[in-house]
Each structure stands twice: as structure tokens, then as C-alpha cells.
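Below is one structure; the comments refer to it alone.
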């Protein structure tokens with residue numbers, strides 16, 4: 001049911017160059033340690049969504065450390081009930097730690113997973129957080145527990161979504177649309193994604209950095225979905241600020 005999937009674990013240490021440190025708004029360069037887990041799954045069936053999960057930790061010294069991560073969903077065809085359930089699961093995890101985390105990180109995901117050159121979101125978003133460090137209200141141990149809880153929520157969430165759609169019927173038109181949506185996924189990851197930029201800047205393993213790319217993708221010049229089609233309905237939802245949890 002998974003056409004291509006990848007699970008990356010990284011633990012990297014070394015010296016961050018001045019250029020890389022400036023790009024990360026860290027001031028001076030110096031020794032660093034970074035570790036994380038990233039998962040991307042591209043389903044074979046266009047009715048099932050792409051999912052991405054990442055949790056990470058970065059440290060330079062006692063005042064320069066943070067946790068980051070998130071989970072986001074990229075359906076080829078947006079199913080509002082799936083999107084609602086997905087966001088409810090994320091909200092439940094966030095609410096265990098801080099009442100403001102879900103709305104804060106949901107809005108952050110809307111802004112982050114956005115293709116500026118297309119003026120569209122990558123999918124239905126999810127949550128995204130970065131640089132949760134000494135300035136946060138939660139203690140470091142609580143931030144670690146929250147980050148771990150996000151990682152542990154991934155498998156149950158995607159298992160349910162895949163179960164719902166892995167055996168749905170689909171046709172050649174759906175495959176063509178799937179490849180076009182995957183093309184947008186490629187554009188985001190190569191143009192806008194911070195993790196890709198950081199990995200390349202720090203001489204990371206190229207195969208791991210590009211693990212998120214789909215096996216097949218497509219582009220069509222000035223593609224416009226037909227009025228009233230499922231493709232047009234999905235396109236209309238690719239925007240920021242939708243209250244998926246209550247929708």
C-alpha cells in the first residue's frame with residue numbers, strides 16, 4: 001500500500017560554519033549537535049494521503065538549544081472528515097501539554113507548508129513547531145515529553161487514515177492528479193523546506209536529505225482543474241486559515 005516510504009534517523013555533530021550559523025540566526029558559529037527522526041510516506045492509492053512527521057533537537061550550548069517538529073498531511077483528494085479527524089488527534093496531543101499549543105502550531109504549519117510561488121498550501125497542514133527552547137513556558141523536560149508524544153502519535157494516526165482508503169477504487173485521471181500533487185510536494189521540499197537547506201548546508205547525506213521525494217511526480221503547463229471536479233474541490237481548499245478541527 002506504500003509506494004515509497006522513508007524513515008530517517010540522524011545524529012550529527014561538528015562545527016557549524018559562520019555562514020550556516022548566520023542562516024540559522026545563531027550568531028557566531030561553533031560546535032553543534034543535532035538529532036532527529038523524519039518519516040515520509042507516499043501511498044500507492046491516490047485516495048490515501050501523503051504524510052510527513054519530524055521530531056528533532058538542536059544544541060550548540062546551554063543557551064542555544066531547541067526542539068522542533070510536527071506532523072502534516074497532504075491528501076491528493078481532500079476528504080473533510082479525514083482532515084477533521086486528523087486535526088482532532090493533533091489537538092488532543094497538544095492539549096495535554098499547553099492549551100495554546102494546537103492553535104499556535106496549527107497556524108505555524110499553515111504558514112510553513114505554503115508554496116509562495118503557487119499561492120497554495122501543501123495540503124491540509126497539521127502542526128509545526130521550531131526553536132522551542134529556553135524562552136518557552138515549559139521546562140526542557142516537558143518540551144522533550146511533548147516532542148516525544150508527537151512522534152508517538154504518528155503511527156496510530158496514519159494507520160487509521162490508510163485503513164480508510166488503501167482499498168478505494170481509482171482510475172487513470174486520479175493517478176495523473178496524484179502525480180501533479182506530488183510535483184507540488186517536490187517543489188516545496190526543494191525550494192522552501194528548511195530541513196533540506198540545513199542538510200545541504202551541513203554536508204549531510206544527500207540520499208537521506210532527498211528521501212522525502214516521491215518515486216514518480218508530474219507537471220502540466222498551466223494546469224487548471226475542470227469546474228465542478230474533485231480536483232477543483234481539492235484545489236479550493238489549498239489555503240491558509242481553514243478551521244479543519246471544527247469543519
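Set side by side, the residues 42, 1 differ, and just one is surrounded by 16 or more Cβ atoms within 10 Å (Cβ to Cβ), in contact with a strand residue (DSSP E or B) (Cβ under 7 Å, 6 or more places away or on another chain), within 27 Å of residue 210 (Cβ to Cβ) and in contact (Cβ under 8 Å) with a residue 24 or more places away in the chain, which is 42.
Taking the conditions exactly as written (closer than 18 Å to residue 24 by Cα and either more than 15 Å from the chain's Cα centre (by Cα) or surrounded by fewer than 18 Cβ atoms within 10 Å (Cβ to Cβ) (or both)), does residue 77 satisfy them or not?
Working: closer than 18 Å to residue 24 by Cα: no; either more than 15 Å from the chain's Cα centre (by Cα) or surrounded by fewer than 18 Cβ atoms within 10 Å (Cβ to Cβ) (or both): yes.
Considered against the rule, which asks whether it is closer than 18 Å to residue 24 by Cα and either more than 15 Å from the chain's Cα centre (by Cα) or surrounded by fewer than 18 Cβ atoms within 10 Å (Cβ to Cβ) (or both), residue 77 comes out as no.
Residue count for segment 1-16 satisfying the condition of being within 15 Å of residue 207 (Cα to Cα) and modelled with pLDDT of 90 or more: 6. Candidates are the residues of segment 119-135 that are surrounded by fewer than 17 Cβ atoms within 10 Å (Cβ to Cβ) and without any contact (Cβ under 8 Å) to a residue 60 or more places away in the chain; the one that is farthest from residue 83 (Cα to Cα) is 135.
With respect to residue 116, determine if the residue is under 17 Å from the mean Cα position of the chain (by Cα) and surrounded by 14 or more Cβ atoms within 10 Å (Cβ to Cβ). Judged against the criteria, residue 116 is not a match.
Of all the listed residues (155, 149), the sole one being modelled with pLDDT of 95 or more, over 23 Å from residue 233 (Cβ atoms), surrounded by 14 or more Cβ atoms within 10 Å (Cβ to Cβ) and out of contact with any strand residue (DSSP E or B) (no Cβ under 8 Å at 6 or more places or on another chain) is 149.
Tally up the residues in segment 45-78 that are outside any strand (DSSP E or B), farther than 21 Å from residue 188 by Cβ and touching a residue at least 24 places away in the same chain (Cβ under 8 Å), please.
Counting residues in segment 45-78 that are outside any strand (DSSP E or B), farther than 21 Å from residue 188 by Cβ and touching a residue at least 24 places away in the same chain (Cβ under 8 Å) gives 3.
Return the only residue of 6, 70 being surrounded by fewer than 17 Cβ atoms within 10 Å (Cβ to Cβ), under 14 Å from the mean Cα position of the chain (by Cα) and under 30 Å from residue 215 (Cβ atoms).
Details: 70 fails: surrounded by fewer than 17 Cβ atoms within 10 Å (Cβ to Cβ).
Sole residue among the options that is surrounded by fewer than 17 Cβ atoms within 10 Å (Cβ to Cβ), under 14 Å from the mean Cα position of the chain (by Cα) and under 30 Å from residue 215 (Cβ atoms): 6.
Taking segment 87-113 as the region of interest, how many residues are outside any helix (DSSP H, G or I) and surrounded by fewer than 19 Cβ atoms within 10 Å (Cβ to Cβ)? Even if it seems obvious, please write down each step before you answer.
The initial filter retains those residues of segment 87-113 that are outside any helix (DSSP H, G or I), namely 96-100, 113.
When the remaining residues are screened for being surrounded by fewer than 19 Cβ atoms within 10 Å (Cβ to Cβ), the result is 96-100.
So the count comes out to 5.
Screening residue 83 on (1) more than 18 Å from residue 196 (Cα to Cα); (2) surrounded by fewer than 22 Cβ atoms within 10 Å (Cβ to Cβ); (3) modelled with pLDDT of 95 or more shows it passes everything except condition (2). Among the residues of segment 11-37, those identified as surrounded by 13 or more Cβ atoms within 10 Å (Cβ to Cβ) and touching a helix residue (DSSP H, G or I) at 6+ places or on another chain (Cβ under 7 Å) are 20, 23, 29, 37. Can we say residue 57 is touching a strand residue (DSSP E or B) at 6+ places or on another chain (Cβ under 7 Å) and over 20 Å from residue 142 (Cα atoms)? Considered against the rule, which asks whether it is touching a strand residue (DSSP E or B) at 6+ places or on another chain (Cβ under 7 Å) and over 20 Å from residue 142 (Cα atoms), residue 57 comes out as no.
The values are calculated or read from the model by the stated rules, or taken from the named source; none is laboratory data. No experiment lies behind these values; they were computed from the predicted model shown. Please note: Cβ atoms are built from the backbone with ideal geometry, for glycine as well, and neighbour counts cover all protein chains shown.
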